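Only one structure is covered here, and it is reproduced in the block below.
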Amino acid sequence: MHPAGQEVPESQQPPDTKIFAWAGLRFRLPAGWETGQLARNHGWLESDFKPTLEFKTAYVKGHFSFRRHLKRLKQASPLRLRPTELPDGWQPYLARFHTQAFSWQSPRLAGDGLLIHCPECRRATLMQFFRNPQKPSAVETVLASFDDHGPARRPTVAVYDIQVSVPDIMPLERFRFDSGAFELVFGGGDRRLTLWRWSPADAALRHHGGSLLNFATRNQLSSGSALLTSPRTLTRGLEWRWPPRRSWRDRLPSRIKRRLSPAILRIWHRQTANRILAARGDGNWDDATFAEICRSYEILS
């Protein structure tokens, strides 16, 4: 078992698992599990279109009471909940957390639940695992890789077929997962980051003459600023830069300005994955930070 916050080498990860990271949580998805639905601090995972795990997470101020939270769950949910002892097989993976296990039952489904409270970061997480008589339990695979804070954790987002590492000072502000098109917006102080992903790339480019330049222009990725006619050419991609604006509006504090000015835009074609990825930095960006984010922005195989 690896110490809290220490990255486990990929070669030592369980076979046929992949990383999942969302809302400050990170763990490995067992074989066959996929991202179902996501909200800001809530998500569903599934396998063969059946639910496997529902989670909710939030930071808690002051004292955290397992008894009070279980009581609220019972009052707010039609499920029958019953506190249980933490299974022996789960205990080694949760030693640094405060926990309360429970079982739950509905007219059609049943499962095992877990309340996790981290005394260090003050995050509380509710996890409800669905039982499937046809498949062995994969709870220990999730718990063995579970963490909820730490500066060394990467990636910070890994859902569906994308993963990326964004500085912790830039929290996720909003997101949109549509069929064929994703958008995630992160913000922090005088910077904003927007990430896009389109699929399938061949179909998307076919409507724009096979040109990334046409694709970027017609999808208005520049946030109202005109794209330079001669972008910098990258490997299977393009990059635009805008000089700092010096009008009186741009000298206003970011909390007063209606929007930050675009600084850099990069778009590239992942041919083997048949995806188009793009990243735009607005506001005050340094080249090294933006380049590192782009390097981390990848397609999960």
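Restricting attention to the range 27-70, the residues being of a type in the set (Gly, Ala, Ser) and within 16 Å of PHE129 (Cβ to Cβ) number 5. Of all residues in the range 274-301, those being buried (at least 20 other Cβ atoms within 10 Å of the Cβ) and aliphatic (A, V, I, L, M) number 5. For TYR160, the conditions (1) open to solvent by less than 50 Å² (accessible area, probe 1.4 Å); (2) at pLDDT 95 or above; (3) hydroxyl-bearing (Ser, Thr, Tyr) are fulfilled apart from (1).
Taking first residues from the range 44-71 that are open to solvent by 30 Å² or more (accessible area, probe 1.4 Å) and partners that are modelled with pLDDT of 90 or more and of a type in the set (Asp, Glu), the Cβ contacts under 7 Å between residues at least 6 apart in sequence or on separate chains come to TRP44/GLU54; GLU46/GLU34.
Taken over the range 139-149, the criterion of being part of a loop (DSSP other than H, G, I, E, B) and open to solvent by less than 20 Å² (accessible area, probe 1.4 Å) is satisfied by PHE146, ASP148. The set of residues in the range 167-206 that are touching a residue at least 60 places away in the same chain (Cβ under 8 Å) and either open to solvent by 50 Å² or more (accessible area, probe 1.4 Å) or over 18 Å from LEU265 (Cβ atoms) (or both) comprises PRO167, LEU172, PHE175, PHE177, GLY189, ASP190, ARG192, SER199, PRO200, ASP202. Return yes when ILE116 is open to solvent by 60 Å² or more (accessible area, probe 1.4 Å), more than 14 Å from the chain's Cα centre (by Cα) and at negative phi and no when it is not. No. State whether one or more residues within the range 94-103 are outside any strand (DSSP E or B), free of Cβ contacts under 8 Å to residues at least 40 places away in the same chain and more than 20 Å from LEU29 (Cα to Cα). Yes - at least one qualifying residue is present in the range 94-103. For the range 78-109, the tally of residues that are in contact with a Lys or Arg (Cβ under 8 Å, 6 or more places away or on another chain) and either surrounded by 15 or more Cβ atoms within 10 Å (Cβ to Cβ) or more than 24 Å from LYS135 (Cα to Cα) (or both) stands at 4. Looking at the range 20-76, the strands (runs of 3 or more DSSP E) lying wholly inside it that each contain 1 or more residues that are modelled with pLDDT of 90 or more and touching a Lys or Arg at 6+ places or on another chain (Cβ under 6 Å) sit at 25-29, 42-47, 50-59. Sub-6 Å Cβ pairs linking a first residue in the range 280-301 that is touching a residue at least 40 places away in the same chain (Cβ under 8 Å) to a second residue that is open to solvent by less than 30 Å² (accessible area, probe 1.4 Å) and part of a helix (DSSP H, G or I), at least 6 apart or interchain, are GLY281/PHE290, ordered by first then second residue.
The values are calculated or read from the model by the stated rules, or taken from the named source; none is laboratory data. Keep in mind that what you see is a predicted model, and the values were worked out from it rather than measured. A quick note on method: Cβ atoms are made from the backbone with ideal geometry, for glycine too, and the neighbour counts reach across all protein chains shown. The accessibility values were calculated without ligands, DNA or RNA, using every heavy atom of the protein model including side chains. Shrake-Rupley method; radii C 1.70, N 1.55, O 1.52, S 1.80 Å.
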